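What follows is a single structure, written as structure tokens, with notes after it.
The values are calculated or read from the model by the stated rules, or taken from the named source; none is laboratory data. The model shown is predicted, which means the values in this text are computed figures rather than measured ones. Here the Cβ is made from the backbone with ideal geometry for all residues, glycine too, and neighbour counts use every protein chain on show. Heavy atoms of the whole protein, side chains included, go into the accessibility calculation; ligands, DNA and RNA do not. Shrake-Rupley method; radii C 1.70, N 1.55, O 1.52, S 1.80 Å.
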Amino acid sequence: MALGFLSTFAATSAATLVLVGNAPTTGALSTQQDDGPRTSWTVTADAIYTATGTVIENGFVRVSDGEITAVGRGKIKGDFHVAAITPGLVEASSGVTIGPESVEQDSESTPHISVEEGLDLFSTRWARELSGGVTTTMVSPLDRNVLGGLPVVLKTGGGEPTMDDRVLRTGVGVRACMGSEPSSGNSPVFGRAFGIFNRRPTTRMGVEWVFRRTFYDALRARKDADFTFEGVETVYQVLDGELPLIVRASPRLDIITALGLKQEFSIPNVVIDGAAEVLPEEEAIVASGVSLILAPLTFDGNTGADRAYMAWNTPARMAERGVTFALSGGSSRNDDLGLALQPGHAMRGGLAADAALAAVTIVPARMLGVDDRVGSIEQGKHADLVFWSGAPFQYTSSITGVMVSGELAVDPRHGEEL
Amino acid sequence: MLSTILAVTLATAACATPFTGESSIDASTAQGPLATHDARVATVQLTTGDCSSDFGVSTDIGGSWTPDGRVPESGSALATDGVEAAPAQLLAIVADQLHLPDGATVKDGVLVVRDGVIVAAGEVDVPEGARVVRHDGHVTAGLVAPYSAGYLPSDESNENTRPFLPDGRVVYGFDPELPRLADALEQGVTTIVLPPAVSQVVGGRTGVVKTYGGHVVSRGAHLALSMGSQAANVTRAPTSYGGMVRALDGLFTEPQGAYAEVASGNLGLMTYVSERHEVDRALRLFARHGLKGALVGPSLAGELAERIAESGCSVVLPTPDLVPNERERDAMVALFEAKVAFGFWLNDPSRYRSSAITALRAGATRDDALNSITSTAAKIARVGTSVGQLARGFDADFVLWSGDPLEFTTTVEAVYVRGELAFGGDQ
């Protein structure tokens, strides 16, 4: 049961409550809205893992109109009871894009174009993410460009499938990609030139050249009033640290390149996404101050991203070295390796339970700049909750329910009347 | 059944003679140098000097003349038993059930046609001297298709070297001899919208044509956009939805030319969007620039019915299955309930009328169902003031049905285009 697992968390004392809300009396527990799905609840649990360093035993979470209004300890009557609650998971590297239509390949460097128009909010993949416990995700343009554009952070459910209801934040960073992906499928002209692929990079050398040309052009544009290019303002923001550079780099050689580019252009704020072969460059990573979105941990260590290998102790080691990192299941093509299982893998590799929880909730929320609204169970935040049958992230536990913005996307009340 | 048919209307000096009880038809609806005639009379097609220079709205390019320019003798080849002797210029259809624009059906209604134009319809007397066709069945306006696929010679709809071609006009690729037009005509379809292909973002301007006689109703009814994935072509810019939207945002910000005409409402807007996220993207673009128009292609559009209704857009649905699945049916019902104007694609002409029957079965009113392939379709096509209704001043395009057109067992017995028997009738 959950309680056995509690001891592995840093904060186990029931005295360290985030907030003791006014325990509601029975009757009039929650109000039912007139139209739309119900978004007000009181849920009780054996253990609430708040991701603020606290675990509340025998507690409750009270939700009104989609927001958490109280978190506390106390045996009260709620709408339903579950074994454990964690915050909704935050996926920092989601693959939920439409496909090639999500990135403008007119040029291989389109830092200023947002992926927002390339989203399909009606895709069934959102529901799949949601049933896997992911309530917030960052979506980037498909990695077909060297500088692919601007990702967005959005909810996977709740309300209507409209940008207004779903988008949490734009202007999160600029997506870049090292490695083979921006060059795959391109070819030199043999015979008749056809399409855009003839003039795109075909090698890592070409990919790096496109990146460096864009940044050197931006440096030149700053000094030369007569010289500019589309998207230059966005590159300025990266150079000034206003927008993080979120750069995809999985194998060791690409991580070396990404760190080199950070140094070459003095880019203050860099996040390496899909980071896999991290341990061989551990010292350089620590010295550089970059944050990491780790590639999905897989059973055999092969992440599938540029055939990069990642050891299971990578998250534990990064925690030990004080590197900020998020876990991710996004690049995985295998649903069994989704985000909800990543903390389990990481703990098996030696990561502490509270750090594992944080790495799929509050840490990625902070990285994406949405920790004011999601990422932990605290008063005033979105009611994004995952309900578990036992201790979260254990192989023997399963997700029994998911709440997003107060709506029960997956209902944990088996057989009960809704 | 057709008891008699005599379909000859002539443009002669006599045309100007008003018939009893009605004032003379408006000069603007009297078509230029026009003489229609029965298809069985051998003629050649000539284009008059006037018409060739400008085949704009409701102007002939296919007026028919005898080789010497003389119109055929009245009734010369056509007199059959029971035909009353009558001057050629007036045709009266007396129908057991005549469908009028307001949804009313008049028993023994009379449709009076002169010079290819309806001059009266409803409970009116048969004008003296008119040639009379009695029809023991229903008569409706000729069917109008607000969007067609495959009615231009192959590849003529797709200028694939130009992703943005706002001044292109597909009507220049219109071939009146295309055999498929006759297939559509035989199913009662008399007017169709020809769109450019959906593989370019701005494919050009739609054309509106008749399926018979080579008549062009409009050579530029809409600017045709495609916001479907087909327009995000990976071999040229734009390759993405983001690139497409950026470009369109640019074109509709302080718009010029065709884009300005669309913004001012002088030119229609027809936008291909097949998936719901594409509808959503189009609606957001329209909201930013104050645009509205027809959304073509989203079979599940009804799941966004309220937003579409708010936008003022109409919807042209792909041909539904005869018995649609529950989800598609629910989506259609949502469109009906939100009072969104809807029509259907024309691809297989034998299934065009059945789209309206499917709508009726799903819960549309009889009026909405029939209008979806006649008057509403004509409005979506932006030719709603000249075709799609049996009303004074409208083109005399109509269909003689064996029974209720919203019954599967009903067949087409005759089709008239601009007062001329174009298909069927007693042989």
Looking at A:Arg248, A:Arg175, A:Arg212, which one is closer than 14 Å to A:Ser109 by Cβ, touching a Gly at 6+ places or on another chain (Cβ under 6 Å) and at pLDDT 90 or above?
-> A:Arg175
Got at least one residue in region B:194-202 being within 14 Å of another protein chain (Cβ to nearest Cβ), closer than 25 Å to A:Ser102 by Cβ and either open to solvent by less than 10 Å² (accessible area, probe 1.4 Å) or at pLDDT 95 or above (or both)?
-> yes
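Hey, which of the strands (runs of 3 or more DSSP E) in region A:94-159, taking only ones fully inside, have at least 3 residues that are away from chain B (no Cβ under 12 Å)?
In region A:94-159, the matching strands (runs of 3 or more DSSP E) lie at A:134-139, A:152-155.
Let's see how each residue does on (1) outside the structural domain of B:Pro163 (by TED's automatic domain parsing); (2) within 14 Å of B:Phe164 (Cα to Cα); (3) in contact with a helix residue (DSSP H, G or I) (Cβ under 9 Å, 6 or more places away or on another chain):
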{"site": "B:Asn233", "(1), (2), (3)": "no, yes, no"}
{"site": "B:Ala237", "(1), (2), (3)": "no, yes, yes"}
{"site": "B:Gly242", "(1), (2), (3)": "no, no, yes"}
{"site": "B:Val245", "(1), (2), (3)": "no, yes, yes"}
{"site": "B:Thr253", "(1), (2), (3)": "no, no, yes"}
Within region B:230-264, the residues that are open to solvent by less than 40 Å² (accessible area, probe 1.4 Å), modelled with pLDDT under 95 and within 28 Å of the chain's Cα centre (by Cα) are B:Ala231
Every residue from region B:339-350 that is open to solvent by 30 Å² or more (accessible area, probe 1.4 Å) and out of contact with any Pro (no Cβ under 9 Å at 6 or more places or on another chain) = B:Lys339, B:Ala341, B:Asp348, B:Ser350
For region B:212-229, name all the residues that are open to solvent by less than 10 Å² (accessible area, probe 1.4 Å), more than 15 Å from B:Phe164 (Cβ to Cβ) and touching a helix residue (DSSP H, G or I) at 6+ places or on another chain (Cβ under 7 Å).
-> B:Val216, B:Gly228
Inside region B:395-416, can you point out the residues that are surrounded by 24 or more Cβ atoms within 10 Å (Cβ to Cβ) and hydrophobic (A, V, I, L, M, F, W, C)?
-> B:Ala396, B:Phe398, B:Val399, B:Leu400, B:Trp401, B:Val415
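Anything in region B:394-410 that is in a loop (DSSP other than H, G, I, E, B) and either among the basic types (Lys, Arg) or touching a strand residue (DSSP E or B) at 6+ places or on another chain (Cβ under 8 Å) (or both)? List them, or say none.
So in region B:394-410, the residues in a loop (DSSP other than H, G, I, E, B) come out as B:394, B:396-397, B:402-410.
Passing the criteria: B:Phe394, B:Ala396, B:Asp397, B:Ser402, B:Gly403, B:Asp404, B:Pro405, B:Thr410.
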Take A:Gly74 and decide whether it is among the small types (Gly, Ala, Ser), under 26 Å from A:His414 (Cα atoms) and more than 14 Å from every other protein chain (Cβ to nearest Cβ).
-> yes
For B:Pro255, state whether it is of a type outside the set (A, V, I, L, M, F, W, C) and under 17 Å from B:Leu295 (Cα atoms).
-> no
Report yes if some residue within region B:277-284 is within 10 Å of another protein chain (Cβ to nearest Cβ), surrounded by fewer than 19 Cβ atoms within 10 Å (Cβ to Cβ) and over 18 Å from A:Val103 (Cβ atoms); otherwise report no.
-> yes
In the set B:Thr235, B:Thr239, B:Thr211, which member is among the β-branched types (Val, Ile, Thr), more than 19 Å from B:Val316 (Cα to Cα) and more than 14 Å from chain A (Cβ to nearest Cβ)?
-> B:Thr211
Wholly enclosed strands (runs of 3 or more DSSP E) of region B:143-237 bearing at least 1 residues within 22 Å of B:Pro349 (Cα to Cα) = B:143-145, B:189-194, B:207-210, B:216-218
Hey, does region A:299-311 have a residue that's open to solvent by 30 Å² or more (accessible area, probe 1.4 Å), β-branched (Val, Ile, Thr) and either in the same structural domain as A:Pro244 (by TED's automatic domain parsing) or assigned to a loop (DSSP other than H, G, I, E, B) (or both)?
-> no
Residue list for region B:262-276, restricted to those being in contact with a Gly (Cβ under 9 Å, 6 or more places away or on another chain) and not charged (D, E, K, R) = B:Val262, B:Ala263, B:Leu267, B:Gly268, B:Leu269, B:Met270, B:Thr271, B:Tyr272, B:Val273, B:Ser274
Answer from A:Leu351, A:Leu408, A:Leu368 - the residue that is touching a residue at least 12 places away in the same chain (Cβ under 8 Å) and touching a Phe, Trp or Tyr at 6+ places or on another chain (Cβ under 9 Å) = A:Leu408
Single residue of B:Gly213, B:Gly228 found to be on the phi > 0 side of the Ramachandran plot and assigned by TED's automatic domain parsing to the domain that holds B:Pro163 = B:Gly213
Note on A:Ser114: of the conditions (1) crowded, with 24+ Cβ neighbours inside 10 Å; (2) closer than 30 Å to A:Val210 by Cβ, unmet is (1)
Provide a single number: the residues in region A:45-67 that are open to solvent by 10 Å² or more (accessible area, probe 1.4 Å), under 25 Å from A:Ala326 (Cβ atoms) and in contact with a helix residue (DSSP H, G or I) (Cβ under 9 Å, 6 or more places away or on another chain).
-> 3
